[in-house]
Amino acid sequence: MEKDIIKGVKKNVFILGLVSFFTDISSEMLYPIIPLFLTAVLHSPMSVVGLIEGIAESTASLLKVISGWLSDKSGKRKPFVIYGYSLSTIAKPLLAFAATWHFVLAARFLDRFGKGLRSSARDALIADSTEAQYRGKAFGFHRSLDSIGAVIGPLIALLLLYYLDKNHWNIDASYRIIFLIAFIPALISVLLLIFFVSEKKGERKDGFKLKLSDFSRDFKIFIMISIVFAIGNSSNAFLILRTKDIFENFGGVPSIITSTFGSLGIVAVVILTYVVYNITYSLASMPAGMLSDRIGRRNVMIGGFLIFSIVYLGFAMANEGYFVWILLAVYGFYMAMTEGVSKAYAVDLVPADKRGTAIGLYYTATGLMALTASIIAGFLWDLAGASAPFLFGSATALVAAVMLMMLLPARNHIN
């Protein structure tokens, strides 16, 4: 096995972290402004935002189990990772040409198709490159670099919006310029992947079949609990739009932001609160992964689900702008305690030759619920008000935390 770059973190894991770093700079330049572009420029209703995000995430998730299984069957991970990142890179500048929400849907579909193709194989490659006792740390390190990119990306978008506004570009044209510029860091990530990530030649398994019966009871229970949680975990686009709603209706935009950004004040504060979330997520990801190596993945994930429940309840009840800064900062801890940890947990519960398939099954099960969750959130918002989707999500997260506590053992079995 390769030498450590950092104790427990091999070269492949380090480079894959950099790949995700540049990819997330690109993706997160766009993510907080796509829902604003849809609603303010293309005048799409909330139900359409939910439909687009749900279809996009479900597309990724359906592919993840297939690509994960194929990477196990073929004994090769890297080709799936390269093709997946390349498709997502191509999708970014296509958004610049959107005249209706249908084109945004097509571009998001292509982007998430790429994510579905790469994610399971990439995570299996991380697991293949890491000793079992450092698995939580390795996944946490990867998520940390990913989320540092997610801090930088929105800040670049905000600086570009500021510059373009000062030079009298309208908001529509400004968004489209950012969609084009996002291609550059995405391309860097693909080049890093092609030239610096390696893998040993694996054994092809021609008789390898995808059968749920091959997986343990604990793995199946983990998938079931993840589905319960996912049904209320709608796209973060709704958090972004709820943030905008709170600042517009209750005020609280800091005067320094208003004086600096002028007419872009609301957009700026939405992006900056999103950056606060990503800072917390970035700082906490590696410690959360290391904590899961020590006290068990289940225990860390229970804490993450409870934090999610509290934050969503807070978003349902918030009536002051300053609450949003606190809630999104705390929300970053939920992501740190579940995103990388959940994949390490899935890997712990299965044999080594089924890692790609297991991660794919986890992604697919939760991602299929993303379509349902986002559609439910969109209709709840339109029909019952902005608080409704967050009350629903808070309740399902609480149920999932109790199920995790009652139905799965306290310590992980690590393969």
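Read the figures in this text as sums done on the coordinates, not as results from a lab. No experiment lies behind these values; they were computed from the predicted model shown. A quick note on method: Cβ atoms are made from the backbone with ideal geometry, for glycine too, and the neighbour counts reach across all protein chains shown.
Normalising the average separation of contacting C-alpha pairs (under 8 angstrom, six or more residues apart) by the number of residues puts the relative contact order of the chain at 29 percent.
Summing charges over neighbours of LEU160, with a neighbour being any other residue whose Cβ is under 12 Å away from its Cβ, gives +1 when K and R count +1 and D and E count -1. Kirkwood analysis of segment 98-149, using all unique Cα-Cα pairs, places the hydrodynamic radius at 13.1 Å.
What is the projected area of the convex hull of the Cα atoms of the chain, averaged over all directions, in nm²? Write down the numbers at each step before the final one.
Values: hull surface 73.0 nm².
Average projection, Cα convex hull of the chain: 18.3 nm².
In segment 40-100, Rg over Rh equals 1.11, where Rg is the alpha-carbon radius of gyration and Rh the Kirkwood radius from pairwise Cα distances.
Can you give the net charge of the other residues whose Cβ lies under 12 Å from the Cβ of ALA182, counting K and R as +1 and D and E as -1?
Values: positive: LYS92, ARG176; negative: ASP24, GLU28, ASP111.
Summing Lys/Arg as +1 and Asp/Glu as -1 gives -1.
Per the Debye calculation on segment 4-69 with a single equal scatterer at every Cα and no solvent contribution, log₁₀ I(q)/I(0) for q = 0.13 Å⁻¹ amounts to -0.60.
Per-residue Cβ neighbour counts within 10 Å put TRP169, TRP381 in the sequence TRP169, TRP381, beginning with the fewest.
Once the Cα atoms are used to define both axes, helix 171-181 deviates from the longest principal axis of the chain by about 30 degrees.
Could you pull out every one of the aspartates and glutamates with an alpha carbon less than 19 Å from that of LYS73, ignoring same-chain neighbours closer than 8 positions? Within reach: ASP123, ASP128, GLU199, GLU203, ASP206, ASP214, ASP353.
How far, in degrees from 0 to 90, does helix 265-295 lean away from the longest principal axis of the Cα atoms of the chain, to the nearest 10? Tilt of helix 265-295: around 20 degrees.
With respect to the chain, whose longest principal axis is taken over its alpha-carbon atoms, helix 217-230 is tilted by about 0°. Residues ILE227, ILE240, arranged from fewest to most other Cβ atoms within 10 angstrom of their Cβ, appear as ILE227, ILE240. Cβ-to-Cβ counts within 10 Å put LYS3, LYS64, LYS92, LYS166 in ascending order as LYS3, LYS166, LYS92, LYS64, the fewest first.
Could the peptides 325-334, 254-263 be put in order, highest first, of the mean number of other beta-carbon atoms found within 10 Å of their residues? All intermediate terms of the calculation are to be shown ahead of the outcome.
Working: 325-334: 21.1, 254-263: 12.7.
The most tightly packed comes first, giving 325-334, 254-263.
Computed over the Cα atoms of segment 250-310, the ratio of the radius of gyration to the Kirkwood radius (Rg/Rh) comes to 1.21. Taking only the Cα atoms of segment 285-415, the ratio Rg/Rh comes out at 1.01, with Rh defined as the Kirkwood radius. Which pairs, out of LYS78/LYS343; LYS10/LYS137; LYS7/LYS78; LYS92/LYS244; LYS11/LYS200, put more than 21 Å between their alpha-carbon atoms? Those over the limit are LYS7/LYS78; LYS92/LYS244.
I want the local charge near LEU16. Using Cβ-Cβ distances under 12 Å, sum +1 for each Lys or Arg and -1 for each Asp or Glu among the other residues. Result for the local shell: +3.
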